[in-house]
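Following: one structure in structure tokens, then a few remarks.
The values are calculated or read from the model by the stated rules, or taken from the named source; none is laboratory data. This one's a predicted model, so the numbers in the text were calculated from it and none came from an experiment. Here Cβ is always computed from backbone atoms with ideal geometry, including for glycine, and neighbour counts include all displayed protein chains. Keep in mind that these areas ignore ligands, DNA and RNA; they rest on the heavy atoms of the full protein, side chains included. Shrake-Rupley method; radii C 1.70, N 1.55, O 1.52, S 1.80 Å.
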2 protein chains.
Amino acid sequence: MRVAIGQAGGPTSVINESLASFVSTFSDDDIYLVLNGYEGLATNQMKAMGEMQRETIERSRGEPGAVLGSGRYDFSPALQKQALAYLMERRIEALVFIGGNGTMSALHAVQHLAEEAGYPLKVIGIPKTVDNDIAGIDHAPGFGSAAKYVAQSARYSKMDLQAMRNFEQVRILETMGRNVGWLAQASGYGMTEEAGPDAIYVPEREYSLETILGDVRRAWKEKGYCLLVISEGVTINNQQTALSNSRGRTILGGVSKVIEEAVREKLELVSRAEQLGMNQRCYYPAVSKVDQQEAAAVGTYAAKLVQNGESGFMVGVHRHDTMNYKAELTRVPLQIVSDGGERLLPDTYIEERKAYNEWLEGIIDLPPVSTQTQAGSSSIL
Amino acid sequence: MRVAIGQAGGPTSVINESLASFVSTFSDDDIYLVLNGYEGLATNQMKAMGEMQRETIERSRGEPGAVLGSGRYDFSPALQKQALAYLMERRIEALVFIGGNGTMSALHAVQHLAEEAGYPLKVIGIPKTVDNDIAGIDHAPGFGSAAKYVAQSARYSKMDLQAMRNFEQVRILETMGRNVGWLAQASGYGMTEEAGPDAIYVPEREYSLETILGDVRRAWKEKGYCLLVISEGVTINNQQTALSNSRGRTILGGVSKVIEEAVREKLELVSRAEQLGMNQRCYYPAVSKVDQQEAAAVGTYAAKLVQNGESGFMVGVHRHDTMNYKAELTRVPLQIVSDGGERLLPDTYIEERKAYNEWLEGIIDLPPVSTQTQAGSSSIL
């Protein structure tokens, strides 16, 4: 059986786990490695699997990034057709991609094109995302590790700010997440409204600058400092903030700076905006063990689906039990993932930090902050 | 014996270790805790040591921030006099502060004022800094952990960038360090010129925008992407970049953004500036064990100096042997620290990454990247 596998979209700390587990169940002759994501598919950048490639991929389990090359690409219908032609030419029987929402839609599109062309191509998707915006599943590998980094950063940054409050009163941490608030909400992990960030802003809600400045004023009056966490995709006064554009994709970012400036001007407090940046998806020491195991497991499961001749599915991670975390892998039709669009953070998780924290606990691999050592409580001020 | 101890300046991940070790050798009656750094000293914010304070301080060993409150303060001669008056009123016999360059000069000044006033105040300093700019010593506690975070961030960010190069070609990481390049230089830890960041810019040198753009062009042509690391204090075309001003102190930052924009405009490459931010000094999981041990050791050593009736010294960390790292604690006259000014990164360490890496190896608690797994080499591209 001849299988082509690639990685697409922004890397996560554990995307290479999925790849390594997938290829480890096939012999060299079966595997073609697609380089540089969909661009590689459209431009016929493939490599046959050999001993050296196998070693490199196995070693990459302990590394972030995407060992095949990933990237973003405007994968138009014309380019999809081109990609299919190359796959047919190489007599590829199954196409597997590790990616997010866009990747699953693209796989779905290629599947249709193959059907139209009467070419029997099997198509399987493996989920990954730090944003956790893939529909049809509980969560995707990659998210747990990013959430852990965000939760730790917020916890420790609050202690740092508290110590510095006579010099700097307001800090605004900006997280990734694109149009969903899962990652930003993780900044309150294990903490109540009182002990965690003083406010968390998510893209599922709209905010006015007035509301935000009100939150800052309140927290500052009460304790002398204020830690805010905001997701890059948040709309303030009906406006999203973008850093730049590349390949038809808007790079969100900079909303924390908008708040920083408003706090300085209107409240006359010293304020600092910080983007948590690429470390959210690549700071390897923050990897969550559960996340890593699940990333490996979805790779193995995808291999089984391919070997069983299945097609048109993404591997799904479902949750059996939240209080005593247990996950089950399933197959989710690509149609459902594609139709589902971006998976928003539900209202209950926005409104009740505790409910969200319980959901997160099983996958973040980080002890919740105990009442005794809640951020800020171990200061003698 | 009645001792007042405080923490000043930006916190490090291990500053509480020094405090906890210091106070653990004294009984409750001996210790007065100065809150909020020099501001607390000038405004008489002190707390007697009790069971609760002791527990909180002991617990703070595992936490970043500064448990007594730290902060920055414009400690003018008039305020120093005020502080001395409060110390005399409380019959404090020894004043101990954990801090950086500014703190040591301030201690020295208070010592002189006490001598002038005929008040027998003993004065001892405990070093801490993530910048490593304290004169008269090999390195200060706090630096090793920050260096570890920077080295890891650069290593992992390079893997992430390599995977994304069809979308984003240039990434510029900005480190702390104020006017010295020790921390920025740590980004090349364990890596040769080829495998590490494509260039590291330190404040000890001056650069033109042309030089930097030339470095980017060269790296991009050769491999298709480029990772730069720049210290916040670097001067480009004779200009430093500042974020803001607070309490008479310039907050450096933003120089990476200047490069990002120039790369976008002049080279038409997609480029992203990232400030590594406060996590450099507070992301606790990156703590270097050696750094932590040394932070505890300087606290214990300072207690011994106080108990021996010494005065006018900062605890010093000296190095016996680089290849087989071994440190020795000593006492350094505050006069020497104060006269020494900011300790620059020596030319050899700027010019030879290998020499600097050998110096760093003993204190960073991170295995060097082996030839086999050098950043970037485990890609099959």
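Quick notes on this structure:
- Top-ranked residue in the range B:151-169 [being within 24 Å of the chain's Cα centre (by Cα) and facing chain A (nearest Cβ under 7 Å); ranked as most open to solvent (accessible area, probe 1.4 Å)]: B:156
- Candidates B:317, B:337, filtered to the one that is closer than 19 Å to residue B:104 by Cβ and in contact with an Asp or Glu (Cβ under 6 Å, 6 or more places away or on another chain): B:317
- In the range A:183-250, counting only strands (runs of 3 or more DSSP E) that sit wholly within it, the ones holding 1 or more residues that are of a type in the set (Val, Ile, Thr) and closer than 19 Å to residue A:280 by Cα span A:199-201, A:226-231.
- Residue match in the range A:68-76 (condition: among the charged types (D, E, K, R) and closer than 14 Å to residue B:164 by Cβ): yes
- Residues that are open to solvent by less than 10 Å² (accessible area, probe 1.4 Å) and in a loop (DSSP other than H, G, I, E, B), drawn from the range A:119-134: A:129, A:132
- All positions within the range A:280-329 that are polar (S, T, N, Q) and open to solvent by 10 Å² or more (accessible area, probe 1.4 Å): A:292, A:293, A:300, A:307, A:308, A:311, A:322, A:324
- Lone qualifier among B:12, B:56, B:43 - being touching a helix residue (DSSP H, G or I) at 6+ places or on another chain (Cβ under 6 Å) and of a type in the set (Ser, Thr, Tyr): B:12
- Check on residue B:303, outside the structural domain of residue B:184 (by TED's automatic domain parsing) and closer than 30 Å to residue A:277 by Cα: no
- Among the residues listed as A:289, A:266, the single one being among the basic types (Lys, Arg), within 14 Å of chain B (Cβ to nearest Cβ) and touching a residue at least 12 places away in the same chain (Cβ under 8 Å): A:289
- All of (1) open to solvent by less than 20 Å² (accessible area, probe 1.4 Å); (2) under 21 Å from the mean Cα position of the chain (by Cα); (3) at pLDDT 95 or above hold for residue A:353 with one exception: (3).
- All told, residue A:277 meets the bar of being on the phi > 0 side of the Ramachandran plot and surrounded by 17 or more Cβ atoms within 10 Å (Cβ to Cβ).
- Restricted to strands (runs of 3 or more DSSP E) entirely inside the range A:1-98, those with at least 2 residues that are surrounded by fewer than 20 Cβ atoms within 10 Å (Cβ to Cβ) are A:46-48.
- Filter pass, residue B:138 being within 7 Å of chain A (Cβ to nearest Cβ) and either over 30 Å from residue A:7 (Cα atoms) or without any contact (Cβ under 8 Å) to a residue 60 or more places away in the chain (or both): no
- For the criterion of being facing chain A (nearest Cβ under 10 Å), among the charged types (D, E, K, R) and over 20 Å from the mean Cα position of the chain (by Cα), residue B:217 fails.
- Sole exception among (1) open to solvent by 20 Å² or more (accessible area, probe 1.4 Å); (2) within 14 Å of chain B (Cβ to nearest Cβ) for residue A:112, by number: (2)
- Residues of the range A:102-118 classified as in contact (Cβ under 8 Å) with a residue 12 or more places away in the chain and in a loop (DSSP other than H, G, I, E, B), total: 1
- Verdict on residue A:72 being in the same structural domain as residue A:36 (by TED's automatic domain parsing), basic (Lys, Arg) and at pLDDT 95 or above: no
- In the set A:181, A:190, A:177, A:144, only one residue is over 25 Å from residue B:70 (Cα atoms) and either of a type in the set (D, E, K, R) or modelled with pLDDT under 95 (or both); that residue is A:190.
- Being at pLDDT below 95, among the hydrophobic types (A, V, I, L, M, F, W, C), closer than 19 Å to residue A:259 by Cα and not assigned by TED's automatic domain parsing to the domain that holds residue A:292 is a condition met by at least one residue of the range A:163-174.
- Here B:150, B:110, B:130 are screened, and the one residue that is among the hydrophobic types (A, V, I, L, M, F, W, C), assigned by TED's automatic domain parsing to the domain that holds residue B:202, under 30 Å from residue B:245 (Cβ atoms) and modelled with pLDDT of 95 or more is B:150.
- Scan of the range B:249-261 for residues that are in contact (Cβ under 8 Å) with a residue 12 or more places away in the chain, open to solvent by 10 Å² or more (accessible area, probe 1.4 Å) and more than 10 Å from chain A (Cβ to nearest Cβ), ordered by number: B:252, B:254, B:257, B:258
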